[in-house]
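Asker: Right, I'll just put the structure down here and ask away after.
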Amino acid sequence: MPACPAPISSRPETPMACTCSSMRSYKQAIRTMTALTVFALGAFLPAPNACAKNPEKQHNAIVSLQDQTTLTLHPLMNRYETANHSDWRDLHAWQRFVTVSTLSDYEIMSRSTRFHDSALRALQNRQGLDGNDDDLWVAQADLDMARLTHSPAQIQDARRIFNTIASKYWDGRCGGGVWWDHARTYKNAITNELFLSTAARLYRFTHEQAYRDWALKSWSWFRHSGMIDADNLINDGLDNQCRNNGGPAYSYNQGVILDGLLEISALTEDGAPQQTASRIALAAIRAFTPSPGTFQEPGGPMNTDARIFRGIFVRALGHVAASEVDNTTRTRIADWLSLQARSAWHSRKLDALTSDTWNDHPFHASAQGQITAASLFMATALSRGTETP
């Protein structure tokens, strides 16, 4: 990796695909993200020749959030990318597609195509997928990349995945909802959140009424399912009696529903789902923060799956902060993200190797650590998009 980040490409940004006139609040969030130039947020790196001569000076420099993101993604590619350049070491298959979405966000924000080909190759790699939630992560990545490529094939792939799950795995058990697995043993939060979000996004891309209907039907079922607890947190799923199973309120469950609710609010022009998103976001911040600048994932020590959960959560938090929420909510989210970003950045090792705990007690390097930190820095920039440097 070079001592300093390579110059950001000056390629004009590709506009978003398939917008809809009813998308007031969520379109604003996406436009903010697209237009945001993160150089303005914070001080800049020293001149490239200065930090090239002194890597320790580079390590200690105060850098912009975009440069933090760039530096954080380099170890992902240089240290963890596999020999076939279509995956990253030690990721579970579904996490490959979260990574694709993260790289698509970076391309939109930076206007740099440096990771574009890697993202496309990874999107085409379907090895190891298992279950409806995994497939829906692919559909989400398809739509994220379609923002850049305008590819009908990627939109059609997302349609195929969604239509298959809707026709085969939504049934009357527990009053509705889709099954997590092909064996139909469990109805859980993450699969149904992804299903809801994918339906709403497909409506935005295709304007087909069927997807709007599925999005509204899914949200109506979800909000009455019992998975939203008294603290406004999303638990893991339903038990055999179709009741909240009391499972951990994992951070990614809070994140995916936020994006789904922003989409629902936009397509209905109703502020109520967005207000629900704000309540969930603030409840999650309280639940995951035992002390300022820390993040504690529910459920005990993180396994391979859980190491990427927080990145999914903060990505959605950035979208909430950039939408038409009240100023108090926006400020609380922005301040919280800034504290987390400061902790993650200051605990890194040389060459921007980042801990998936976002601190050094303990420090645990992983591909997930690079992905989640990159999402954190971009979300922080997005949440501060209206602030004066």
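Bear in mind these aren't lab numbers, they're just calculated from the coordinates by the rules spelled out. Everything numeric here is computed off the predicted structure, so don't read it as measured data. Heads up, the Cβs are rebuilt from the backbone with ideal geometry, glycines too, and the neighbour counts pull from every protein chain shown.
Asker: Of VAL98, VAL63, how do they rank once you tally other Cβ atoms within 10 Å and put the fewest first?
Answerer: VAL63, VAL98
Asker: Follow-up question, since we're still on this one. Please report, in cubic angstrom per residue, the volume enclosed by the convex hull of the alpha-carbon atoms of the stretch 311-389. Mind showing how you got there, number by number?
Answerer: Numbers: hull volume 6.5 nm³, N = 79.
Once divided by residue count, the hull of the stretch 311-389 is 82 Å³.
Asker: Order the peptides 343-350, 79-86, 278-285 from the highest to the lowest mean number of other Cβ atoms within 10 Å of their residues. Mind showing how you got there, number by number?
Answerer: Values: 343-350: 17.6, 79-86: 14.0, 278-285: 21.4.
By packing density, highest mean first, the sequence is 278-285, 343-350, 79-86.
Asker: Among residues other than ARG159 whose Cβ falls under 10 Å from its Cβ, what is the net charge (Lys/Arg +1, Asp/Glu -1)?
Answerer: Here the count lands on -2.
Asker: Give, as a single signed number, the net charge of other residues whose beta carbon lies under 13 Å from the beta carbon of GLY299, with Lys and Arg counted +1 and Asp and Glu -1.
Answerer: After counting each charged neighbour, the total is -1.
Asker: Same structure, new question: Arrange the following residues from fewest to most other Cβ atoms within 10 Å of their Cβ: GLU297, GLU269, GLU324.
Answerer: GLU269, GLU324, GLU297
Asker: Just going by the charge dipole of the stretch 29-383, with Lys and Arg at +1 and Asp and Glu at -1 on Cβ, which of TRP219, VAL138, GLY311 is farthest out on the positive end?
Answerer: It is GLY311, whose Cα lies furthest towards the positive end.
Asker: Let me ask something additional. Quick one: net charge of ASN245's neighbours, Cβ under 9 Å, K/R +1, D/E -1?
Answerer: Result for the local shell: -1.
Asker: Separate question: Mind sorting TRP358, TRP180 by how few other Cβ atoms lie within 10 Å of their own Cβ, fewest first?
Answerer: TRP180, TRP358
Asker: Right, something else. Once you treat every alpha carbon in the stretch 252-379 as an equal point and sum by Debye, what is log10 I(q)/I(0) at q = 0.11, 0.13, 0.18, 0.19 Å⁻¹?
Answerer: For the requested q values the scattering log ratios are -0.36, -0.50, -0.91, -0.99.
Asker: Would you work out if the stretch 29-383 is rounded, prolate or oblate? Take a ≥ b ≥ c from the square roots of the eigenvalues of the alpha-carbon gyration tensor; rounded if a/c is under 1.5, else prolate when a/b is larger than b/c, oblate otherwise.
Answerer: prolate
Asker: About its Cα centre, how strong a charge dipole does the stretch 29-383 have in debye, to the nearest 20, once Lys and Arg get +1 and Asp and Glu get -1 at the Cβ?
Answerer: 380 debye
Asker: Here is a further query. From the backbone phi of the stretch 166-171, what are the Karplus-calculated ³J(HN,Hα) couplings (6.51 cos²θ - 1.76 cosθ + 1.60, θ = phi - 60°) in whole Hz, Gly and Pro given as x?
Answerer: With the stated coefficients, the stretch 166-171 comes to 4, 7, 9, 10, 8, 8 Hz.
Asker: Another question about this same structure. Using the charge dipole of the stretch 163-242 (Lys, Arg: +1 at Cβ; Asp, Glu: -1 at Cβ; taken about the Cα centre), state which of PHE205, ALA166, ILE190 has its Cα farthest towards the positive end.
Answerer: Projecting each Cα onto the dipole axis, the largest value belongs to PHE205.
Asker: Treating the beta-carbon of each Lys and Arg as +1 and of each Asp and Glu as -1, no other charges, what is the dipole magnitude of the stretch 199-284 about its Cα centre, to the nearest 20 debye?
Answerer: Details: 7 positive and 10 negative charges, 16 e Å.
Dipole about the Cα centre, nearest 20: 80 debye.
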